[in-house]
Each structure stands twice: as structure tokens, then as C-alpha cells.
Amino acid sequence: MTPQQQASVRLSSLAASVGLIGLIFLGLYWEMAGAPIHPGGSWMVLKITPLLFAVFGILRGTRYTYQWSSLLALLYLMEGLVRATSDQSPASRAFAWCEVALACLYFGGAVAYARLTRPVKASGITQGK
């Protein structure tokens, strides 16, 4: 792997890590204190639970975790878009747009990492009959 490819892998890993950890902290703050659905916090904070399953795999650089969790990021992108366009509270809409940005960062970083670290296939010549 060339130094430029290694730099790209590190950058995509960093983007995915920042996006994932950002989504976790944003979800916690949003639903507990920032703009909860019910005053004093809500059970919606449990929406970050699936993200917690991906933390160690992402931080360790496990390619398989990047693959499956990139699909998970799309759920948070959809939730952010729905809430950004439908919530009445300006604070909640702002949090939703932050969630959209973090989910895009996470998805882009995870997909880039998975593509950059895929195994190289051996190019063998097939023998005829």
C-alpha cells in the first residue's frame, strides 16, 4: 500500500470515527437535555444503542464492522431528515441537521474505509481445456 493510500485509509477511518462518536454524543444530549420529546428526557435516547455495538470495531479498524455499520448510518440519516423537516422546535431541527451531517460523515468514511481496505484479488490466467 502506498503512503497516499495509507493516508486515505487513515482519513476515512478518522471520518467514520468522528461521525460515529458524534452521533452517539449528539443523540444523548439531544434526547436528554437539548430538545427532548418530553421534558426531563425521553426513552428516545435508546436510539443510540445500535451505534454502541459498532464503537469497538470501528476504533479497532475491523473492516466487517465498517461494512455493516455503514448501513446503520443510513437509518440515522433518515431520522435526521424526517425530524429536520417535521419537528416544530427550532432547536430540534438544528439537532436534526447536525445528525444528518454526522450520519453523512460516518457513512462516507465507513464506505471509503471498506473500499480502500478490500482484499486484492490475485489476477491469475485461467487455463483452457
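At 222 nm, what helix-only mean residue ellipticity would the chain give, in deg cm²/dmol to the nearest 500, using -39500 (n - 2.57) for each DSSP H run of four or more?
-23000 deg cm²/dmol
Take the eigenvalues of the Cα gyration tensor for segment 63-113, scale each by 5, and report the square roots as semi-axes in whole Å, largest first.
After scaling each eigenvalue by five and taking roots: 25, 9, 6 Å.
Determine the gain in length on full extension of the stretch residue 118-residue 68; use 0.36 nm per residue of separation and subtract their C-alpha separation, reporting nm with one decimal.
Values: separation 50, 0.36 × 50 = 18.00 nm, distance 1.41 nm.
Separation in residues times 0.36 nm, less the Cα-Cα distance, equals 16.6 nm.
Using the Cα centre of segment 3-116 as origin and beta-carbon charges of +1 (Lys, Arg) and -1 (Asp, Glu), tell me which of 44, 9, 24 is placed farthest towards the positive end of the dipole.
Towards the positive end, the residue furthest out is 9.
Set the Förster radius R0 to 41 Å, insert the Cβ-Cβ distance between residue 91 and residue 56 as r into 1/(1 + (r/R0)^6), and round the FRET efficiency to 0.05.
After rounding to 0.05, the efficiency reads 0.80.
Net charge near residue 23, counting Lys/Arg +1 and Asp/Glu -1 over other residues with Cβ under 10 Å of its Cβ?
Working: positive: 47; negative: 99.
In short, 0.
Run the simple label-point estimate for residue 7 and residue 29 please: 7 Å along Cα→C-beta, distance reported in nm.
3.1
Using a Gaussian network model of the chain with C-alpha springs under 10 Å, which one of 112, 54, 33 is most mobile by mean-square fluctuation?
Fluctuation is largest for 33.
Residue 49 to residue 37: extension gain in nm, 0.36 nm per residue of separation minus the Cα-Cα distance?
Answer, rounded to one decimal: 2.5 nm.
Based only on Cα atoms, what Rg/Rh ratio does segment 3-116 have, Rh being taken as Kirkwood's radius?
Working: Rg = 14.6 Å, Rh = 14.3 Å.
On the Cα set of segment 3-116, Rg over Rh gives 1.02.
Every number here is computed from the coordinates shown, using simple stated rules; none is lab data. Here the structure is a predicted model, which means the values were calculated and not measured. Neighbour counts are summed over all protein chains in view; Cβ atoms, including those assigned to glycine, are modelled from backbone coordinates with ideal geometry.
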